[in-house]
Amino acid sequence: MPGQKENYFVYADPGKCLGCKSCELACGLEHAGADLFTAVLKGCPVRPRNHVVEAAGIRTPVQCRQCEEAPCVLVCPSGAISREEGMIYLDSKKCFGCKSCVMVCPFGAIQVRDEGKAIKCDLCVNSAAEISEASCACIRACPTKAISLVDSEELRRKLMAARVGEIAQARAVEQQPAV
């Protein structure tokens, strides 16, 4: 949507990830509304909305990237998934478990669980106004600080500045006299 702020998303640095799954546990407990002790004693279902994957010796958590042109929003026949306030929302009351969103998610970040409803990362908030690193249980739980909240506009500026720096450095090397 033109003029609308781009989405925040959770980024995980695979170079720092231990694959300990602390982020999964924290996410599951946050959405169960319980601490670990209570969840075990009361048998609360702990269903994380992220999952740690490993490929070629690299471990990293996978969760919803809050895509700008979210394919899940485009294919959801019930309107359960929508983009509002720069965030991708999933209203489980409207979901009937068709799994269309699961099939089109390029990150494999949407799951359909036992109750037949899709779930995905919601940044642990009810409103985009609440989004912060402090609100995200996975970020708070990561022992190596491998997970962070990224503002895509800020990330783009940093990448551009880094690229300009690389170009300037390459140009300076070109202009040095040969020895």
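No lab work stands behind these numbers, since they all come straight from the coordinates. Treat the numbers as computed from the prediction; the structure is a model and nothing was measured. Note that each Cβ is placed from the backbone with ideal geometry, even for glycine, and that neighbours are counted across all protein chains shown.
In the stretch 28-38 there is no residue matching the filter, namely being within 22 Å of SER127 (Cα to Cα), charged (D, E, K, R) and free of Cβ contacts under 8 Å to residues at least 24 places away in the same chain. Of all the numbered requirements in (1) under 28 Å from LYS99 (Cβ atoms); (2) touching a helix residue (DSSP H, G or I) at 6+ places or on another chain (Cβ under 7 Å); (3) surrounded by fewer than 17 Cβ atoms within 10 Å (Cβ to Cβ), LEU36 misses one, and that requirement is (1).
Among the conditions (1) of a type outside the set (Ser, Thr, Tyr); (2) under 19 Å from the mean Cα position of the chain (by Cα); (3) surrounded by fewer than 17 Cβ atoms within 10 Å (Cβ to Cβ); (4) more than 22 Å from PRO143 (Cβ to Cβ), CYS72 misses just one, which is (3).
Taking residues in the stretch 151-164 that are closer than 20 Å to LEU123 by Cα, and partners anywhere that are among the charged types (D, E, K, R), the pairs with Cβ atoms closer than 7 Å and at least 6 places apart or on different chains are SER152/GLU6; GLU153/GLU6. Against the list (1) closer than 30 Å to PRO143 by Cα; (2) surrounded by 19 or more Cβ atoms within 10 Å (Cβ to Cβ), the condition ALA80 fails is (1).
Among the residues of the stretch 93-124, count how many are touching a strand residue (DSSP E or B) at 6+ places or on another chain (Cβ under 7 Å) and either in a helix (DSSP H, G or I) or surrounded by fewer than 18 Cβ atoms within 10 Å (Cβ to Cβ) (or both). The number of residues fulfilling the criteria is 8.
Here the stretch 39-63 is the region considered, the condition is being β-branched (Val, Ile, Thr) and under 19 Å from the mean Cα position of the chain (by Cα), and the residue that is surrounded by the fewest Cβ atoms within 10 Å (Cβ to Cβ) is ILE58. Filtering the stretch 142-151 to residues that are under 15 Å from VAL62 (Cα atoms) and more than 12 Å from the chain's Cα centre (by Cα) leaves CYS142, ALA146.
Among the conditions (1) among the aliphatic types (A, V, I, L, M); (2) closer than 20 Å to GLY86 by Cβ; (3) not in a loop (DSSP other than H, G, I, E, B), the only one that VAL164 does not satisfy is (2).
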